[in-house]
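Worksheet for the structure shown next.
The values are calculated or read from the model by the stated rules, or taken from the named source; none is laboratory data. Every value quoted in this text rests on a predicted model; they were computed, and no experiment measured them. Backbone-built Cβ (ideal geometry, glycine too); neighbour counts: all protein chains shown.
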Amino acid sequence: MVIALDIGNSRIKSGVRNGDDIVMTSTLTHPVRDAGSYLDELGLSCPADSVIISSVVECLNGTFRDFSPNPAASGVIFVDYRSTTGITFKVSNPELVGSDRIANAVGGYSAVNGPVIIVDMGSATTLTVVGKGCEFLGGCIMPGVNMMAASLHEETSKLPVIDFIVPEHAIGSNTVESIRAGLSFGVAGAVERMIDEIRMEIGYTMNVILTGGLCERFQGLVRGVDIIDPLITIRGLFEIHDKAVM
């Protein structure tokens, strides 16, 4: 049994693989506490052969670094640019690439077996571009939907806090509907424009995968998407794990 943990800015996603099958996934938000509490809440306190982790929250890395759920386990693997991934980095500072984007690149390229743009809709919205030969070409980063919504409230005197729901119409009939419309269609339009620009720069066909915590809400809203899979990061982590322990 292998545990994969994707420690993001606002939540921790997990996957448990038994053999070739992902048998359980779960998500929780995180204040900083001990690894045992996290694993208990995720329902992952059972012994595992190994644990692989993608983390963009450095203050939590020490919490998990020495965690080994099984005394005979192969240990805890943290993903970074030095991990065995099959990726060739074509960026100026590979050491600064987030481990979640590395996992997305591996999982996305494997999912389509070729060049791919992975759109991850989480705390931030990121587009990761993987070219021919599994070359990590870079991408772009923009604020996530919830970050935009929070900023509208915090930086204005009257705009309210809202729950993000994709509306039926682009024209809102009140303030809340107007904010939801602006966020939904605005983000979808920005993502579509970036996909178009990337494809023009690359000059060859690339598949598009939508992933991340909000990806399913944007189903049908972002045009030109080939696959919607909220587990791309977890799948990529399992692939990196398998390369590491071969």
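Within region 116-141, residues that are aromatic (Phe, Trp, Tyr) have Cβ atoms under 8 Å from residues that are crowded, with 24+ Cβ neighbours inside 10 Å in these pairs: Phe136/Ile102; Phe136/Ala105; Phe136/Thr128; Phe136/Val129; Phe136/Val130, counting only partners at least 6 apart in sequence or on another chain. In the set (1) out of contact with any Phe, Trp or Tyr (no Cβ under 7 Å at 6 or more places or on another chain); (2) more than 23 Å from Gly224 (Cα to Cα), Ser184 fails one condition alone, (2). Of everything in region 83-110, what is in a loop (DSSP other than H, G, I, E, B) and of a type in the set (S, T, N, Q)? Give them in sequence order. Within region 83-110, Ser83, Thr84, Thr85, Ser92, Asn93 meet the criteria.
A single member of Phe185, Phe89, Phe136 is at pLDDT 95 or above, touching a Pro at 6+ places or on another chain (Cβ under 8 Å) and on the phi < 0 side of the Ramachandran plot, and it is Phe136.
Looking only at residues in region 25-48 that are assigned to a loop (DSSP other than H, G, I, E, B) and out of contact with any Pro (no Cβ under 9 Å at 6 or more places or on another chain), the one that is modelled with the lowest pLDDT is Val32. Say we look at region 111-133 and pick out the residues that are at pLDDT 95 or above and assigned to a loop (DSSP other than H, G, I, E, B); which of these is surrounded by the fewest Cβ atoms within 10 Å (Cβ to Cβ)? The selected residue is Asn113. Comparison of Thr175, Thr211 shows that the only residue that is in contact with a strand residue (DSSP E or B) (Cβ under 8 Å, 6 or more places away or on another chain) and among the hydroxyl-bearing types (Ser, Thr, Tyr) is Thr211.
Yes/no matrix, rows are residues, columns are (1) under 30 Å from Ser37 (Cβ atoms); (2) out of contact with any Leu (no Cβ under 6 Å at 6 or more places or on another chain):
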residue	(1), (2)
Arg101	yes, yes
Ala105	no, yes
Val119	no, no
Gly122	yes, yes
Val130	no, yes
Met142	no, yes
Asp163	yes, yes
Glu168	no, yes
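Looking only at region 139-180, how many residues end up being touching a Lys or Arg at 6+ places or on another chain (Cβ under 6 Å) and not hydrophobic (A, V, I, L, M, F, W, C)? Selection size over region 139-180: 1. Can you find even one residue in region 56-78 that is hydrophobic (A, V, I, L, M, F, W, C), assigned to a loop (DSSP other than H, G, I, E, B), modelled with pLDDT of 80 or more and surrounded by fewer than 15 Cβ atoms within 10 Å (Cβ to Cβ)? Yes, there is a match, as at least one residue in region 56-78 is hydrophobic (A, V, I, L, M, F, W, C), assigned to a loop (DSSP other than H, G, I, E, B), modelled with pLDDT of 80 or more and surrounded by fewer than 15 Cβ atoms within 10 Å (Cβ to Cβ).
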